[in-house]
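Note sheet for the following structure.
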Amino acid sequence: MTNTDRYTEWQKQQIELEKDIVAERTKRFYLPILNRIKKEKGVNTLKVLDVGCGNGEGVKVFNDHNLYCIGVDHGFRKEEWHSLDLEDRFIVANGNKLPFKDGVFDVVVSCGVIEHIGAVGDSRQLVSDYKRLRKQFAEELIRVTAPSGSLIITTPNRLFPIDFWHGPFIMGMRFHSPWDYFCLSVGDLKHIFDVGAKTKKITALPLNGLFMYKRYKQRLITRLMSSAFNVIVPIISIERFEFLRRGCFAPFIVARIDK
């Protein structure tokens, strides 16, 4: 089997795996976050941008629940959009150059994208100017976010020793050092999104309801790790334990950045 054949097969596996997971995760985790923001603002709906929306299932969930959501992506998953009957809600675009005016979205969501900015293809190898590219990406997201709007940015935590999302094809997880800058920390996001200048505040949100264990049941070691998640996640998701979510105890970061 050639590398091209394996990659194509991997793409097929990803599409199949994500088909149900994205919609379910959006309903039970991301939708409540946006509903809280909607309640805070005292409005009936929000204008939402999903940057790196993948197969578009999350965009569909948001639109089905009284939110006006536009999804952008330019990867292979965009081929799935046609099945959702929402052609006017999807745009092929690069997150580093978004085709929108300044300040048009109440909330900008970008899930598991920023770690790929500055990486070579779908690898974990970073190009020499990855910091500049990530900064450019962040500035574009900030630019299209309305004054007093919010950004929801997610990434595997650089300070947690295991990355469950970017491992080899067989395992689906990898061990890494805190000096592996493919993934990011809360501190990295604070710097990239210029908290204190262009944005006001960053909060590491609780993780209850985020994780879907379907992909982890394929191997014994990943089944054991998913069991560990069931213990760790409820503890670090206690509201007053945000300091744990900012450090090395959280496998994943869900950051709310307020503009």
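The values are calculated or read from the model by the stated rules, or taken from the named source; none is laboratory data. Since the model is a prediction, treat every value here as computed from it, not as a measurement. Here Cβ is always computed from backbone atoms with ideal geometry, including for glycine, and neighbour counts include all displayed protein chains.
Within region 185-205, residues that are more than 20 Å from Tyr130 (Cα to Cα) and touching a residue at least 24 places away in the same chain (Cβ under 8 Å) reach partners that are outside any loop (DSSP other than H, G, I, E, B) and among the charged types (D, E, K, R) with beta carbons closer than 6 Å, at six or more positions or on different chains, in the pairs Lys200/Asp258; Lys201/Asp258; Ile202/Lys190; Thr203/Arg256; Ala204/Glu242; Ala204/Arg245; Leu205/Arg256. Residues of region 88-101 that are charged (D, E, K, R) and under 19 Å from Ile153 (Cβ atoms): Lys97 alone. Restricting region 27-55 to residues that are at positive phi and at pLDDT 95 or above leaves a set whose member that is surrounded by the most Cβ atoms within 10 Å (Cβ to Cβ) is Gly52. Checked against the criterion of being at pLDDT below 95 and more than 26 Å from Trp165 (Cα to Cα), the candidates Asp106, Asp64, Asp102, Asp85 yield just one match: Asp85. Considering only residues of region 64-74 that are crowded, with 16+ Cβ neighbours inside 10 Å and not aliphatic (A, V, I, L, M), which is nearest to Phe105 (Cα to Cα)? Here the answer is Cys69. Among the residues of region 130-175, the ones that are assigned to a loop (DSSP other than H, G, I, E, B) and either surrounded by fewer than 18 Cβ atoms within 10 Å (Cβ to Cβ) or in contact (Cβ under 8 Å) with a residue 40 or more places away in the chain (or both) come to 13 in all.
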